[in-house]
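Below is one structure; the comments refer to it alone.
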Amino acid sequence: MKNKLAKLKYLPNNFSILEEGDHVICAVSKKKIFLQNLNYWNVETQEPYFSYIEAAKKKRKI
């Protein structure tokens, strides 16, 4: 299942895999995030972020 986009449901302290895959795409930078490295997301907007930097940029825009 290499190089397959996953579909996730982002929860407050975890995420649930809706469609199997190995990565998601950052909502801000469009960088690939492997699921084992996914640490930042927004539950309300259901968006993943590559790092705290992208998460902070998104928060400033809102």
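Residues of segment 39-62 that are hydroxyl-bearing (Ser, Thr, Tyr) and within 20 Å of Lys7 (Cβ to Cβ): Tyr40, Thr45, Tyr49. Selection over segment 30-51 of residues that are surrounded by 11 or more Cβ atoms within 10 Å (Cβ to Cβ) and either basic (Lys, Arg) or over 11 Å from the mean Cα position of the chain (by Cα) (or both) gives a count of 2.
In segment 13-43, how many residues are touching a residue at least 24 places away in the same chain (Cβ under 8 Å), more than 19 Å from Lys58 (Cα to Cα) and in a strand (DSSP E or B)? Number satisfying all stated conditions: 1. If the condition is being more than 13 Å from Gln46 (Cβ to Cβ) and surrounded by fewer than 18 Cβ atoms within 10 Å (Cβ to Cβ), then segment 1-24 contributes Met1, Lys2, Asn3, Lys4, Leu5, Asn13, Asn14, Ile17, Glu19, Glu20, Gly21, Asp22. Criterion first (among the aliphatic types (A, V, I, L, M), surrounded by 12 or more Cβ atoms within 10 Å (Cβ to Cβ) and more than 10 Å from the chain's Cα centre (by Cα)) does Ala27 satisfy it? Spelling it out, it is not the case that Ala27 is among the aliphatic types (A, V, I, L, M), surrounded by 12 or more Cβ atoms within 10 Å (Cβ to Cβ) and more than 10 Å from the chain's Cα centre (by Cα).
Applying a threshold of 8 Å to beta carbon distances and a minimum spacing of six or more residues, or different chains, the list of pairs starting in segment 44-62 at a residue that is farther than 14 Å from Lys31 by Cβ and ending at one that is in a loop (DSSP other than H, G, I, E, B) reads Thr45/Ala27.
Readers should treat all values here as calculations from the given coordinates under stated rules, not as data from a laboratory. Just so it is clear, the model here is predicted, and its values are computed rather than measured. Neighbour counts run over all protein chains shown; Cβ positions are idealised from the backbone, glycine included.
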